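A short write-up of the structure that comes next.
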């Protein structure tokens, strides 16, 4: 049993796709804790523009990033469909503001392509790979990169 | 329960036993002949030995055994405790604690110290005791019939002779284990061995309760034992053997009228005759001197001739009160405690924090409803609020622990530090029972250790210098803890020479920490000690100068939301004062608004609030402002500016000034837009999911579920003074960018 489960996990990946800054992105479903409607946050002083502030998630204080701004695509315009994707990496919980969530994507491992050798180092680092779905391209967000940024704000 | 968790429990118990040991030893210093104290010390060592034996921790067992043997001699008053022996006991206690730690962590421990201590301990034992090997000889029990374990008999004439010098009594012991005794892992055989060490023992098993084979439950305790023990020891000593099975068995110990069993008694023992009665009932008064169960002495003829036994006339009363004494003894013991996983407590604390927030939310929502008649509702809400507070206080109290164990550890640091520096020092602790949050205690251990070492190494003078200065050759390090106005004060003071300010200043200039031109006040010079990279030790000594400076201490204390300060008087000594918040989870604060943001500022830092008149505010230079407070000019720091908030017509409104005094900065007025409320807030870390933000110490959740930032006044003032460049190369306009 464990082997089959592992084998399955090895080949089959589930992603949640969403749009940010007019581009399609996705995150592996295992990294996502929940998806919440946007509610105003408490702004933080001395922080870059892509840090929107902090939000109360059942008693925990979590920072909310504007993913579009973080990737240099400009601020996310206010919209009723805006949501916050709450994701967790290595014990840290963060929220990502995105324009809207689209669907759940189930793909084979082989369908995930490596990021091609694009010019911008920052961009290449921010995505882990690409998935082609019905002629559109979905970028897999590298959460570590988002976090590294947050740790490096004081630079 | 796995073996590992039993092992963990053992080490947890060891911690407590070691604490009891250290406490006992320090009590012994004051009253070396108090039997209670000596017994307590002995028991601690003995219990550690016993537990360690179960886990085959031989090194620990052997050391504990040697230690215990010497303690036993003290207990038997064969050995008088002098200063030298006391010091040895302290060192043995330290060594025992090291051995426990090394056994727990599986680390290696340099045996040289251990060998030296064992050697010294053995020198107190003399040849006879050294020969006493520590071993449990396996005794095979014969279950074919009423088994009799015979411990080598002695010639009766010998007994008579022995009675001339030391009175030998014959005790009748009825021992019936309960099922729980076996469930707790006790072994009657070990008890018999221990009894046999006291004198001549005869054991007889009572198999009368043995059920038929069909209904036999192997877990049940069906065998009882009757014993007769000829010993010179007192009844108390016998009771001590059964100390650990207290309450797990039916036990009666009575003094037989026969001090020496007649030869006939031995015959009886050999005769396989089933026990007529179970030993569950204690001996009836009228039947004593011959207890009901047929054992060795009871079959012996009633005393015809007087035998040399002082207790002879009153065997029954001695037995009865002893049984009675056993029951209240349990009640007199330490208060029952519960071992709880710290994670569980912390989860509970978090949940209670949520409850408080939830309560505030409900109150706020109901207020918003603006119901016509809310009187009864308000009452219920108020009751809810009080209950929530009660729960919170109760839960916080679980985390609070006395500083005693922490302080006790420091006595070892003083001993080691004074040995290493060849100075004489003693530690005096005050306020041991002051309770502080567990995390604070844990995180204080390193800073305190460092400060105590410093106090001995740098603070105290050598014995010669001290005597020359007319002081006691033995320096005193005083460690005190107290609750004062919602904070915990911990003071470390020495009665040494005081800070050498010239040397500190010279050192700081040499290390380029301050410019030589600067004129510094005495407190400013003292505070140089807290600068990173500062170390006054002329040479790197054994203790200090390991690259850990007072700045590390300061950082550790600040991380706990506390402050450190120094006062020093030349020739009199130096005192370091650590002020810590009572708890790390809640805080009393003012809910304020800064610009359009709601924030919280800790009440503890605020001296007074002022609504200034326009004429009291003066502009100095281009944009600096001061306010005159009762004739003194106090600089104003605008919180919104400090945090880089937008301008937004706030300069026109004077707002409210909060007067704060911080350790490093003088009196400063913080300008905020308004004060709304004073309340207890639950502290939430920002760092756990994000990074630290200058000027903000943490966050909290308000009644509306929104997060408010908790300001750090000291940092805010620093920020304003340093006039920070925008770290992001942008105009940090802080507003809700996405509303």
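Efficiency by 1/(1 + (r/R0)^6): what FRET value for residue B:58 and residue A:120, r their Cβ-Cβ distance, R0 = 56 Å, to the nearest 0.05?
Working: r = 65 Å, r/R0 = 1.15.
Calculated transfer efficiency: 0.30.
Roughly what would the spin-label model give for residue A:31 and residue B:472, points 7 Å off Cα along C-beta, in nm?
6.5
So between residue B:503 and residue B:687, what do we pick up on full extension, going 0.36 nm a residue minus the alpha carbon distance?
Working: separation 184, 0.36 × 184 = 66.24 nm, distance 3.90 nm.
That pair, residue B:503 and residue B:687, stretches by 62.3 nm at full extension.
Calculate the FRET efficiency for residue B:368 and residue B:676 from the Cβ-Cβ distance with a Förster distance of 22 Å, rounded to the nearest 0.05. Working shown, then result.
On the way: r = 15 Å, r/R0 = 0.70.
Rounded to the nearest 0.05, the efficiency is 0.90.
Under the 0.36 nm per residue contour assumption, what length would be gained going from the current alpha-carbon distance of residue B:513 and residue B:577 to full extension? Write down the numbers at each step before the final one.
Working: separation 64, 0.36 × 64 = 23.04 nm, distance 2.36 nm.
Answer, rounded to one decimal: 20.7 nm.
Under 11 Å from the 7 Å Cα→Cβ point of residue A:73, by amide nitrogen: which residues of segment A:97-135?
Residues passing the 11 Å test: A:98-100.
For the residue pair residue A:49 and residue A:144, what label-to-label distance in nm results when each label sits 7 Å from Cα along the Cα-to-beta-carbon direction?
The answer from the label model is 2.9 nm.
For residue B:465 and residue B:438, compute 0.36 nm times the residue count separating them, minus their Cα-Cα distance, and round to one decimal in nm.
Numbers: separation 27, 0.36 × 27 = 9.72 nm, distance 4.01 nm.
Length gained, residue B:465 through residue B:438: 5.7 nm.
Throughout, read-outs are computed from the coordinates displayed, never taken from laboratory work. Computed from a predicted model, the values in this text were never measured in an experiment. We place every Cβ from the backbone using ideal geometry, glycine too, and count neighbours over all the protein chains shown.
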